[in-house]
Amino acid sequence: MAAQAAAAAQAAAAQAAQAEAAESWYLALLGFAEHFRTSSPPKIRLCVHCLQAVFPFKPPQRIEARTHLQLGSVLYHHTKNSEQARSHLEKAVSADPAIQQFEDVKFEAASLLSELYCQENSVDAAKPLLRKAIQISQQTPYWHCRLLFQLAQLHTLEKDLVSACDLLGVGAEYARVRGSQHLRLPPQLLLMERKLQEVHPLLTLCGQIVENWQGNPIQKESLRVFFLVLQVTHYLDAGQVKSVKPCLKQLQQCIQTISTLHDDEILPSNPADLFHWLPKEHMCVLVYLVTVMHSMQAGYLEKAQKYTDKALMQLEKLKMLDCSPILSSFQVILLEHIIMCRLVTGHKATALQEISQVCQLCQQSPRLFSNHAAQLHTLLGLYCVSVNCMDNAEAQFTTALRLTNHQELWAFIVTNLASVYIREGNRHQEVLYSLLERINPDHSFPVSSHCLRAAAFYVRGLFSFFQGRYNEAKRFLRETLKMSNAEDLNRLTACSLVLLGHIFYVLGNHRESNNMVVPAMQLASKIPDMSVQLWSSALLRDLNKACGNAMDAHEAAQMHQNFSQQLLQDHIEACSLPEHNLITWTDGPPPVQFQAQNGPNTSLASLL
């Protein structure tokens, strides 16, 4: 018996030593892999070699499964080798579920694999994978909630809001059963999206719940950021640029607070509370993004540029170690907004190069292109208008309309397409009347956006001006002014003032014209809006000449010449770029390359 016991003890010791040795070589390879992954710049090829070196040792199943997950994650996040990434992740997902300490591996692999499927537009493969993972993850609160959110987001992208809300309801109930008030709040906040008429009271209620909630500081601030982002984007979607300012200020203060807190200061006792809706570093970029959105809508274009630069710099740092798809989405949305700013400030060549940058980002991800194709064609349409390529502008806007089912974007495109037809005179009268009726701001306007409705009044005023119906034009433009002043929509205010000034000039009322054009010029200089400055300086020149103010007329003429030269130079530069050929692209994915042109083939747009 003693001999048997000694032999058993010796065998156990040998097994323990073997396990310890196995752990040591594995940890060594893992350490090298992580060192190469976090090097500056990352050495991904060497990181992959270290992880692949695990398999020849025939490791235990749990190590093998985790290594497949790590390889899949590295290949997915840092390379374009989606086939190998998919293969490793599928092996991690399908490993024996009886392996101890395997649950996290299986759920993380399922989460990443479903992301990869979605990137490849294989949504039908992602949904059952997530449903199965949700079904078996109920004893793992963090992953159960994360997977529920992921599937809800997938349904939201497909515009299946009923299924998305049902999943969020499941999440809210699960959080209640688990005793996690922190986790229960985000689903409740998102559930309000299906009850738009109750948004304001729900926002007020949720704000009170967040403020009264007692928990660890970083969780509370994280929830406050979540709530305030929803609140700010709701106001911005509604075009209420002035009303959103207090919420935006709170959000900016909140992100400053959260950036000073450390994640590991207080660990929650409830496992369900480990879930965070977004990493802290991503929150900072998101706050920059909504600040840019606000600045662009309000007409603070220099501020928009400042925060875009900050956000893109932060994104560049994050993408060195984290290639999460949401970062590419943030980058594209930032570029979309700054491109519109560039077109307003008279930097068409830079805008065109940034449109090309968006194309390159969309080439790398079918899902990103699917989500942003309509916006991309809309930006190209706006660029075409700025360089007076009206036929191409019409084609781009028409393509964008075909690709979107988003109501606000649809109304924005129709408003711009109508302005193209108005400039072209009698060529599209029947289509134009149909469009104007569909965005009639006096009745049945298709969206609730204050900003878009004000813009629709402006377009009606522009149409009436070109038709010579000046009293009707003044009525529409005064309505635009009333709405834009109410919400600090500075660019719409400037455009309405200068057009009213033009109307009064045509009617011979020089004094009233001057009262409109001077503040228009001041506001346009503050934005700055080059087109309105050009238009205003031309009117000021003619007004002062008509009133016999020779010195003021000469000064205005000099300003007009300076603006004209700047715009002409930028126009020639933009049309000379090979990317200018993008204006002819109206079908399929973005072109991979552009053929250089011999020179510009368009004329300087008339900006009146």
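What does the extension gain come out to for residue 153 and residue 278, with contour length at 0.36 nm per residue minus their alpha carbon separation?
Numbers: separation 125, 0.36 × 125 = 45.00 nm, distance 1.35 nm.
This chain segment gains 43.7 nm when fully extended.
The label-point distance for residue 40 and residue 135, in a model that sets each label 7 Å from Cα toward Cβ, rounds to 4.7 nm. Rounded to the nearest Hz, the phi-derived 3J(HN,Hα) couplings of region 518-534 under the Karplus curve 6.51 cos²θ - 1.76 cosθ + 1.60 (θ = phi - 60°) are 4, x, 4, 5, 4, 5, 5, 5, 6, 4, x, 10, 5, 5, 5, 5, 4, where x marks glycine and proline.
Given 0.36 nm per residue, what is the gain on full extension from residue 204 to residue 360 after removing their alpha carbon distance, in nm?
Full extension of this stretch gives 52.0 nm more.
Considering only 470, 521, 533, and ranking their Cα positions along the charge dipole of region 442-594 that arises from unit charges at the beta-carbon of Lys, Arg, Asp and Glu, the one farthest toward the positive end is 470. Remark: the Cα gyration tensor places region 387-471 in the oblate category, a/c being 1.5 or greater and a/b not exceeding b/c.
Residue 316 exposes around 130 Å² of accessible area when a 1.4 Å probe is run over every protein chain in place.
Neighbours of residue 316 by Cβ distance under 12 Å: Lys/Arg scored +1, Asp/Glu scored -1, total +1.
Across region 113-121, computed HN-Hα scalar couplings (Karplus, 6.51 cos²θ - 1.76 cosθ + 1.60, θ = phi - 60°) run 5, 5, 4, 4, 4, 5, 4, 8, 6 Hz from first to last residue, x flagging Gly and Pro. Charge tally for residue 254 (other residues, Cβ to Cβ under 13 Å; Lys, Arg +1; Asp, Glu -1): +2. Each Lys or Arg adds one and each Asp or Glu subtracts one; over the other residues with Cβ under 15 Å from the Cβ of residue 299, this totals +3.
Per-residue surface analysis assigns residue 27 an accessible area of about 100 Å², computed on protein heavy atoms at 1.4 Å probe radius. Straight-line cross-link partners of residue 58 among the aspartates and glutamates, defined as a Cα under 17 Å from its Cα and at least 8 positions apart when in the same chain: 20, 23, 96. Straightening the chain between residue 310 and residue 526 buys 75.6 nm, computed as 0.36 nm per residue apart minus the Cα-Cα spacing.
Under the simplified labelling scheme, the residue 55-residue 555 pair shows an inter-label distance of 7.7 nm, with each label point 7 Å from Cα along Cα→Cβ.
Applying 1/(1 + (r/R0)^6) with r as the Cβ-Cβ distance of residue 445 and residue 424 and R0 = 25 angstrom yields a FRET efficiency of 0.55.
Only protein heavy atoms count here; under a 1.4 Å probe, residue 300 has an accessible surface of about 60 Å². The label-point distance for residue 87 and residue 438, in a model that sets each label 7 Å from Cα toward Cβ, rounds to 4.9 nm.
Considering only protein heavy atoms, with the full assembly of protein chains and a 1.4 angstrom probe, order 58, 319 by accessible area, largest first.
Working: 58 170, 319 55 Å².
These residues rank, largest area first, as 58, 319.
What the Cβ-Cβ distance of residue 252 and residue 512 gives, at R0 = 30 Å and to the nearest 0.05, is a FRET efficiency of 0.15.
The values are calculated or read from the model by the stated rules, or taken from the named source; none is laboratory data. Predicted model, so just to flag it, every value in this text is computed and none were measured. Using ideal geometry, Cβ is built from the backbone for each residue, glycine included, and neighbour counts are taken over all protein chains shown. Please note that ligands, DNA and RNA were not included when accessible areas were found on the heavy atoms of the full protein model with its side chains. Shrake-Rupley method; radii C 1.70, N 1.55, O 1.52, S 1.80 Å.
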